[in-house]
1. State yes or no: is A:I335 open to solvent by less than 10 Å² (accessible area, probe 1.4 Å) and more than 14 Å from chain B (Cβ to nearest Cβ)?
2. Sort out which residues of segment B:22-41 are more than 8 Å from chain A (Cβ to nearest Cβ), open to solvent by less than 40 Å² (accessible area, probe 1.4 Å) and of a type in the set (A, V, I, L, M, F, W, C), and write them in order of number.
3. Looking at B:F90, B:F109, B:F61, B:F73 in this structure, which one is within 25 Å of A:V41 (Cα to Cα), in a helix (DSSP H, G or I) and either at the interface with chain A (Cβ under 9 Å from one of its Cβ atoms) or hydroxyl-bearing (S, T, Y) (or both)?
4. What's the number of the condition A:T61 fails, among (1) closer than 30 Å to A:Q181 by Cα; (2) among the β-branched types (V, I, T); (3) surrounded by 24 or more Cβ atoms within 10 Å (Cβ to Cβ)?
5. Being open to solvent by less than 70 Å² (accessible area, probe 1.4 Å) and part of a helix (DSSP H, G or I) is the filter here; which residues of segment B:93-106 pass it?
6. What helices (runs of 4 or more DSSP H) completely inside segment A:115-209 contain at least 2 residues that are without any contact (Cβ under 8 Å) to a residue 60 or more places away in the chain and among the hydrophobic types (A, V, I, L, M, F, W, C)?
7. In segment A:268-284, how many residues are surrounded by fewer than 24 Cβ atoms within 10 Å (Cβ to Cβ) and in a helix (DSSP H, G or I)?
Amino acid sequence: MKSFFLENYDIERISLGIYLFPILFLLLVLRIPIGLSMFLVGAFGTSLIAGWLPIISQLKTSAWHLFSNYSLSVIPLFLLMGNFAAKAGMSAALFNFAGACLGHRKGGVAMAAVGACAGFGAICGSSLATAATMGKVALPELRKMGYSNALSTGALAAGGTLGILIPPSVILIIYSILTEQNIAKMFLAAFIPGFLAAVGYITAIAIYVRFFPNSGPNKNRVDFKSRFLLFKNIWHVLLIFFIVIGGIYLGWFTPTEGAAVGAAGTGLIALLNKNFSLKSFFEVINDTAITTAMIFLILLGAEFFNSFIALSRITNILAETVLSYDYSPFIIVAIILIIYIFLGCLMDSLAMILLTIPVFFPVIIQLDFGMSIEETAIWFGILTLIVVEVGLITPPVGLNAFIINKIAGDIPIKETFKGVLPFLISDFLRVILLFAFPGITLSLVRLLY
Amino acid sequence: MSNNSWYEYSIRSNDKFGRILFYLSNFLSIFGGCVLIIIVIINVFSISGRVLFSSPLLGDFELVEMGCAIAIFSFLPFCHLKNGNVIVDFFSSKFPLYIRQLLDILSNFVFLLVASFFTYRMIYGVIDMIKYNEQTMLLKLPVWIAFIPGIFSFFLLTLVCFHILLKEIINMDLNKIK
């Protein structure tokens, strides 16, 4: 097999790697789907290094091997779990309970929406599903109460991001698989940052209504007895969450089995819901189908792209270059996070993770943060998750903001992005806090393992 | 997950071929969903067997792997038909409509090529599997059984690409190009 370049010339391979990045970027600009672009560049690059034959034979079974990978089977199952939850009427129960607990404060209904998003995020691994489901329930109520357009849509768009921050989280699963980390530990580590996010958002609302008192009126206080009665409608949400996450942590079952148990749980509750029809069942299946296929097509492209990245040794050179400059490791992480925030303005969160983690991660684990490699990987993963999630609520492509805006129908998108601003500030403060004190993220993992 | 109304319009097909494709891919996606639900049931059985009676289901991992692969394959055509594949439209959203339409024709043409090439190579893959009699570890299930639906899905995906490509070319406003 005659290859295009002499295989011993490392320099050629690396420059090939560097040249193909702009080509990938060009394909993306030309509206070629992300998975397909990654496949094209990966296959082309690999063939220049090793010839066409390996690619052609890899094509025979690569899709099969990827789709039948046991650790990836957790993804469709968690998506199914979340989609059943969306149709099971849990969102309304969560919102009513949170409203009874927080509604008497100023801006309390918006706080309740954030709280309900957090609760829903505990059984749903996707931000978009959380935003869409909670938006349908909470937005009419917020508008009826006379909440300002900016606050009501902003709170829901930001609240939706709790869907991926609070475990289970599809993005976190993919990060764990890419970097070969333990999913149970990643989930545990996401717990405190997710909780901080919910508290931070609620604080942001409290401060916001101080400045704009008319934007968030309050309801009457609800006594404890009726709160308890409302709690009866949501205990199964907590039960499913603790069985799934606890079971995975305690080693009762694998993440895939945990996701299956969760899907069975939310599916059962959906079946018991009297509004659940055959039509909603088909909707659950079709939503799961579209998201699953979208994710796996990107994964398939990423498989080819990543093997090219590995062949080109571009990450080795990147790591050597970065290390030779002798910057503080924290500055390097800060630079990467800033890159993510910019990329998040252009790109889908999942594609961003799949595109950049194979390049950045080998560099990160070679830096010395005074932690073990595993702890560094967990800390970096959680930080990445948060900044990637910020991309969901920033213009111009903040999908969460668009989803809520679409549900509202008549609110200009500018208002929504204005409303998101206080939550963005809270996000940035949280990123700085978790960045400066890795111990916050790692405390649960250190305590329980 | 881009929202192009003209695209949605173009997909709402009135022709027989398009309708058949829609029903087939929707049927396939429902079929995949049912496989996924069977996987859920298998897992629940296996866990309860293991925890309650300490007798796990033999080869449950293999069933999950095979089932998941079949389900994911079955989801592909429907996702593409529903325009579910992610593109970056941050830059191109400011291009004039006819350029975007041209780019989408190009992109679908590439998609068609890749999907048909995958289908073609996977047929060789399944021939290999039958020839070498590849089996799963515990249950000794022949792997090619699950491979066949996969090939069918990729074939249907190819047809979907072809259909969308035709639609896009027909809907293209030729006057604007001059």
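1. No: the conditions fail for A:I335.
2. Those that are more than 8 Å from chain A (Cβ to nearest Cβ), open to solvent by less than 40 Å² (accessible area, probe 1.4 Å) and of a type in the set (A, V, I, L, M, F, W, C): B:L28, B:V35.
3. Just a single option satisfies the conditions, and that option is B:F73.
4. (3)
5. The answer is B:S93, B:I99, B:R100, B:Q101, B:L103, B:D104, B:I105.
6. Filter on segment A:115-209 gives A:127-144.
7. Of the residues in segment A:268-284, 11 are surrounded by fewer than 24 Cβ atoms within 10 Å (Cβ to Cβ) and in a helix (DSSP H, G or I).
Results for (1) aliphatic (A, V, I, L, M); (2) modelled with pLDDT of 90 or more; (3) touching a His at 6+ places or on another chain (Cβ under 7 Å), shown as yes or no for each residue.
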{"residue": "B:S74", "(1), (2), (3)": "no, yes, no"}
{"residue": "B:N83", "(1), (2), (3)": "no, no, no"}
{"residue": "B:T119", "(1), (2), (3)": "no, yes, no"}
{"residue": "B:N133", "(1), (2), (3)": "no, no, no"}
{"residue": "B:I170", "(1), (2), (3)": "yes, no, no"}
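The values are calculated or read from the model by the stated rules, or taken from the named source; none is laboratory data. Note that the structure is a prediction, hence the values are computed from the model and not measured. Glycine gets a Cβ as well: all are built from the backbone with ideal geometry, and neighbour counts include every protein chain shown. Note: areas computed on protein heavy atoms with side chains; ligands, DNA, RNA excluded. Shrake-Rupley method; radii C 1.70, N 1.55, O 1.52, S 1.80 Å.
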